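All of the numbers you see were taken from the coordinates with simple rules; none came from a lab. What you see is a predicted model; the values in this text were computed from it and never measured. Cβ sites come from the backbone with ideal geometry, for glycine too, and all protein chains shown count toward neighbours.
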């Protein structure tokens, strides 16, 4: 199937469904745009022309798209536009972890009433910070609109992924007041990022902080913060036994992880995402700088949704249906009930 045929048969119908959410045609009149969608088809996210079709009716693209890492995600598209008689809006479009079919839209900036008095220019956008915990920095210029004119101010927004959304980081934004270029912004922010990440003890905690976002849908910063005693979502970090547990919040899963030593000197990390009435368990082994999912190889016949408990002590995974899987240094052996 050629590209044109694919667009006609698969992509355009999806795009049209999204586009109709923004405006309703009534003869020659167009209704005001409604709230945009929270996600778009992955095929639409990969095509710049199609992305422009997702903007509210009458919107004019000002800047982007740009490939930018943000939070735990490796890439994303920045979309900024001016809505007629409304102001400037900025969205960030990024892959949805564990869902290859859709990308999520994060609203970074909505039009504000004060926008009517200013011409706003998004001068630069870049990601900065430690790997797996990057912030998105937007350098903005505000120029008072005619008839007053003349007054200008340069400022910045520093945005950090927080759960399913984003939040501003005021203490970092204050460092960038009056900054006009990305190089100077990076220089001012560098000392703050050098001391951003908390430290943890033990091989398992360090491994948990570096697992792929598809397995642990938290930024590296969020993971390290939750592993600090006193954090409201901290539960257990048993360094001696290679076991940790974090609570979930707001409908997001909690996590349990356990370390299993291999006979060749390596280690396998078992990770569970735990919801109130469901869970998902996977086994991962480090391969250089990355991780491989080795669940199928080490647990033949395993269903990743099985209701099982990872051991805080010992080497046996116990399941609700009576099965028990015992680690022998190479793989898990099933012990029949």
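Tabulated data
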| read-out | value |
| --- | --- |
| Angle in degrees between helix 182-194 and the longest Cα principal axis of the chain, rounded to the nearest 10 | 30 degrees |
| Förster radius 56 Å - calculated FRET efficiency between residue 203 and residue 151 (Cβ-Cβ, nearest 0.05) | 0.50 |
| Cα→Cβ-extended label distance, 7 Å offset, between residue 100 and residue 173, nm | 3.9 nm |
| Spin-label pair residue 238/residue 309, simplified geometry with 7 Å Cα→Cβ offset, distance in nm | 1.1 nm |
| Within segment 258-289, backbone nitrogen closer than 19 Å to the virtual label 7 Å beyond the Cα of residue 164 toward Cβ | 273-280 |
| Which labelled figure in (i) 21.4; (ii) 24.8; (iii) 22.8 is Kirkwood radius over Cα pairs in Å, once derived from the coordinates | (iii) |
| Packing rank of 277-284, 316-323, 125-132, where each peptide gets the mean count of other beta carbons within 10 Å, highest leading | 125-132, 277-284, 316-323 |
| Length released on extending from residue 107 to residue 286, taking residue separation times 0.36 nm less the Cα-Cα span | 61.0 nm |
| Net length gained if the chain between residue 293 and residue 194 were fully extended (0.36 nm per residue, minus Cα distance) | 32.5 nm |
| Where labels lie 7 Å past Cα in the beta-carbon direction, separation of residue 49 and residue 320 in nm | 5.0 nm |
| Difference of contour (0.36 nm per residue) and Cα-Cα distance, residue 183 to residue 252 | 21.2 nm |
| Order of 63, 153 under a 10 Å beta carbon neighbour criterion, fewest first | 153, 63 |
| Fewest-first sequence of 327, 275, 103 by Cβ atoms within 10 Å of each Cβ | 275, 327, 103 |
